[in-house]
Amino acid sequence: MNAETEWVYRVFEPHGSEGWRPYGSDPGRWQGAITASDSAEGAKYAIGRIIGDLMTEWERAGLHHAMHVRVFLWHDEAGDMKEADFIVEVRPRSDLHAA
């Protein structure tokens, strides 16, 4: 049986020596829950949706490369960053050069 679950997510950006802080000027925009299957495939689906939303926003803002963020994903409820079930880091490509 393939049950569904809430995958709770938070997106953070680097903040120098202070570590990581909630991403963006409206941090509430980048936290929430996505219902998907209770499996690794469900987690991949949730992370894919979050990253897709981030990339769409960056494209709309005229950014032609990714920002540096970390997406934290927990099964059922958010907890400490170190206890996340999945962490995906998105970094700008280092081989891009200004024209």
Practice prompt. Report whether or not residue 92 is at pLDDT below 90 and either of a type outside the set (D, E, K, R) or in contact with an Asp or Glu (Cβ under 7 Å, 6 or more places away or on another chain) (or both).
Written response: yes
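With respect to residue 78, determine if the residue is in contact (Cβ under 8 Å) with a residue 24 or more places away in the chain and closer than 16 Å to residue 6 by Cβ. Full working, then the answer.
On the way: in contact (Cβ under 8 Å) with a residue 24 or more places away in the chain: yes; closer than 16 Å to residue 6 by Cβ: yes.
Judged against the criteria, residue 78 is a match.
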Worksheet, complete the sentence: In the range 1-32, anything over 12 Å from residue 72 (Cβ atoms), open to solvent by 70 Å² or more (accessible area, probe 1.4 Å), assigned to a strand (DSSP E or B) and in contact (Cβ under 8 Å) with a residue 12 or more places away in the chain is listed as 4, 6
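Select, from 41, 59, the only residue that is under 15 Å from residue 85 (Cβ atoms), out of contact with any Ser or Thr (no Cβ under 9 Å at 6 or more places or on another chain) and open to solvent by 40 Å² or more (accessible area, probe 1.4 Å). Quick ask: steps written out before the conclusion?
Numbers: 59 fails: under 15 Å from residue 85 (Cβ atoms).
None of the other options fit; the residue is 41.
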Worksheet item: Somewhere in the range 56-75, is a residue touching a residue at least 60 places away in the same chain (Cβ under 8 Å), part of a helix (DSSP H, G or I) and either farther than 20 Å from residue 37 by Cα or of a type in the set (Asp, Glu) (or both)?
Response: no
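The values are calculated or read from the model by the stated rules, or taken from the named source; none is laboratory data. Here the structure is a predicted model, which is why all the values come from computation and not from measurement. Here the Cβ is made from the backbone with ideal geometry for all residues, glycine too, and neighbour counts use every protein chain on show. Surface areas here come from the heavy atoms of the whole protein model, side chains and all, with no ligands, DNA or RNA. Shrake-Rupley method; radii C 1.70, N 1.55, O 1.52, S 1.80 Å.
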